[in-house]
Amino acid sequence: MLKNKNFTLTNITIILTIIIYLIQTNIAYGSLKLGLNMYFIEYGFYWQVISTMFSHGSFGHLAMNMFVLFQFGNLIENTKGRIVFILIYFLGGILTSSLSFLYIYFLDNQVNLVGASGAICALLGYIAFIDKQQRSGIITWILIMSVAPILIGLPIAWYSHFIGLALGFLIGIIKK
């Protein structure tokens, strides 16, 4: 059987994310239904810990996240395999969403968390663990992408980035 490099789980995840973003933007209150927020507990919207990874705040947000996912997701999938990609991206993303909800619940219940950044940061945390030469660069990059937007007044879930990074690193330690 021929192996098609375009048929990766990373690329399928990107396509699915784009489709869900299009659905989100075309249904009433789509962002509130699919993003992670207090509806999770108040109305039993338990799917939000997963759907938040597929919903995004804008086309630019979606494009940026999918570009990074394409680069690093395919890198991990092609070098470590599909199972490792699934484990890190989806388990890391769900755990990041769950832990981020604790921040929302206790510290800022007005937040509507959207985006794949937490799951992507889990991928980056895993790479930082397995590739010591890139570790400081990845950590610096996540610090910049988490703090710089706050300094110019953009709402960003910086805590989700750090949680994802730590979980990816932890998955690397456990998988070792």
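May I ask which residue of 104, 53, 130 lies farthest towards the positive end of the charge dipole of the chain, with charges of +1 (Lys, Arg) and -1 (Asp, Glu) on Cβ and the Cα centre as origin?
It is 130, whose Cα lies furthest towards the positive end.
Quick query: amide H of residue 54 versus all other amide H atoms, modeled in the peptide plane; which residues come in under 5 Å with a sequence gap of 5 or more or a different chain?
Residues meeting the amide H criterion: 115.
Can you put 107, 22 in order, fewest other beta carbons within 10 Å first?
107, 22
So if each residue of separation counts as 0.36 nm, and I subtract the Cα-Cα distance between residue 59 and residue 28, what length gain in nm does that give?
Between residue 59 and residue 28, full extension yields an extra 9.4 nm.
Pick from 83, 142, 94: which residue has the top mean-square fluctuation in a GNM of the chain where Cα pairs under 10 Å get a spring?
Taking springs between Cα atoms under 10 Å, the residue moving most is 83.
Residue by residue through the stretch 48-57, what is 3J(HN,Hα) from phi via Karplus (6.51 cos²θ - 1.76 cosθ + 1.60, θ = phi - 60°)? Round to whole Hz and write x for glycine and proline.
Each residue's phi maps through the Karplus curve to give 4, 5, 9, 5, 4, 6, 9, 9, 9, x Hz.
Using alpha-carbon pairs under 8 Å, 6+ residues apart, how would you state the relative contact order of the chain in percent?
24 percent
Could you derive backbone 3J(HN,Hα) for the stretch 22-32 from the dihedral phi with the Karplus parameters 6.51, -1.76 and 1.60 (θ = phi - 60°), listing whole Hz in sequence and x where the residue is Gly or Pro?
With the stated coefficients, the stretch 22-32 comes to 5, 5, 4, 6, 10, 10, 4, 6, x, 5, 6 Hz.
Step through the residues of the stretch 37-43 one at a time and calculate ³J(HN,Hα) from phi using the Karplus curve (6.51 cos²θ - 1.76 cosθ + 1.60, θ = phi - 60°), rounding each to whole Hz and writing x for Gly and Pro.
With the stated coefficients, the stretch 37-43 comes to 8, 5, 4, 3, 9, 4, 10 Hz.
Calculate the FRET efficiency for residue 42 and residue 86 from the Cβ-Cβ distance with a Förster distance of 30 Å, rounded to the nearest 0.05.
After rounding to 0.05, the efficiency reads 0.45.
What shape does the stretch 9-175 take by its C-alpha gyration tensor, where a ≥ b ≥ c are the square roots of the eigenvalues and a/c under 1.5 counts as rounded, a/b above b/c as prolate, and the rest as oblate?
Prolate, because a/c is 1.5 or more and a/b exceeds b/c.
Dipole of the stretch 9-175, Cα-centred, from +1 at each Lys and Arg C-beta and -1 at each Asp and Glu C-beta, to the nearest 20 debye?
340 debye
Once Lys and Arg get +1 and Asp and Glu get -1 on their Cβ, which of 90, 72, 145 lies farthest toward the positive end of the dipole of the chain?
In the chain, that residue is 72.
The numbers here are math on the coordinates, done by the rules we state, and not lab data. Not measured: the values here are computed from a predicted model. Methodologically, a virtual Cβ is constructed for each residue, glycine included, from the backbone with ideal geometry; neighbour enumeration extends over all protein chains shown.
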